[in-house]
Amino acid sequence: MAKGDHKINFRDLKSRVGIDDVAYSLGYRLDRKAGVGRYIELVLGEGTGKRDTIIVSHPRDKAWQTFFRRDGSKGDVVTLIKENLDAFFVTGKTEWEKIAKVMARFANMPEPEYREDREYVRSAGEHREFDPGRYEVKPLDPDRLPGLFRQRGLSDKTVRRFAPFITLIRDTRNASFDGYNVGFPYTEAFDDTVRGYEIRGTGGYKSKAAGTNSSSAAWVTDLSDGRNGLVRNVFFCESAFDAMAFYQLNRLRLGDSAAIVSLGGTFSDGQIIRTMERFPNARAFDCFDNDIAGRIYGLRLMGLMEKIPMKVRKTDDGLLVEADGKSFTVDPDRSIYSEVGRHITLRYRMGQWQPPADFKDWNDCLLNKRIEPKILPSKLDRDENLAGRRASGLKM
């Protein structure tokens, strides 16, 4: 069967790809002390550097494998891939297309040409196209700003500066909520047509409008008032609130020759490429979060700006990078530019302006919400916990 004729089937792939296959590739290792039976424990990291533990059922039967954590989270192989999607460095129009591609690679099958199992995707709540008629929108009133912004530490002055790029939005198909949320419209390149929305509401609500184009569109705020050629710097952030917080904390240094962009929590090559097409004289800046995902985003941005194909994967030692015919490890706690620059030649087309090291993201920095130090259990605590698990057995 030709590659272009191959139709992906998630149920078939799940019978071929085990949670353990995916976990081992991500750096998880078997905890032999926990035993091997109906369940196995897979651990990411060792000793004081342990970062995650998943308990996998049916270790000898891929089709029936599921996993859970002791914090209550659980899922199947699709869930695990989705949680770690950025580690696989795949491209696709939607998140589900990327997951299908990852699963096909593990199954040694032809990579799907994005003709996904429609029934499975519909059951997962995916929407194929953004329908602007579904949403009622109105402009933000500078004199009646939602309290949501103040809750995130954003001043009225900052919100008014971004007001031309913000709307109030109501989903006419949502029978359970008849009010308005805050919408950040997505556009691409030189086209001002709205391709979807990043949506935020009270109580920590966050979402995207159904069918939002997160492959090539993003929330782009042009502080030059449309004079694209004058923009010298484009600052990429992970969310709209991070982008606004970044501006508020650094506005005196930014000036008007800047654009600030939110990718909405998903990094797509097309989002970067189409945004930079709009600002041909600008330099891209990595303003992503201080976590593993943020470092991977930064490396992917670097690869695009340097025009160097780059594969990135998490390992126990850091981030394994394959680029320019070389393979090397990057320490995520150091500057990725200096780390990568030790191995390959960079033209320095990208800048870095990340949050201070003791803050996860720019909004946390604005709120003075520092990263809590991890209090690791002592050896005695770990031994007692292991003895208790062995005495009681695993219970579902």
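The values are calculated or read from the model by the stated rules, or taken from the named source; none is laboratory data. Quick caveat, the model's predicted, so the values are computed rather than measured. Every residue, glycine as well, gets a Cβ built from its backbone with ideal geometry; the counts of neighbours run over all protein chains shown.
Within the stretch 283-298, the set of residues being of a type in the set (A, V, I, L, M) and either in contact with an Asp or Glu (Cβ under 8 Å, 6 or more places away or on another chain) or at pLDDT 95 or above (or both) comprises A284, A293, I296.
Considering each residue of the stretch 183-192 in turn, none proves to be surrounded by fewer than 20 Cβ atoms within 10 Å (Cβ to Cβ) and polar (S, T, N, Q).
Within the stretch 59-79, the set of residues being among the polar types (S, T, N, Q) and either in contact with a Gly (Cβ under 9 Å, 6 or more places away or on another chain) or more than 13 Å from A23 (Cβ to Cβ) (or both) comprises Q65, T66, S73.
How many residues does the stretch 317-326 hold that are assigned to a loop (DSSP other than H, G, I, E, B) and on the phi > 0 side of the Ramachandran plot?
Initial filter on the stretch 317-326 (assigned to a loop (DSSP other than H, G, I, E, B)): 317, 324-325.
Within this subset, residues satisfying the condition of being on the phi > 0 side of the Ramachandran plot are 324-325.
Going through the stretch 317-326 one residue at a time, the tally reaches 2.
Being in contact (Cβ under 8 Å) with a residue 60 or more places away in the chain, touching a helix residue (DSSP H, G or I) at 6+ places or on another chain (Cβ under 9 Å) and of a type in the set (V, I, T) is the filter here; which residues of the stretch 38-80 pass it? Matches in the stretch 38-80: I55, V77, V78.
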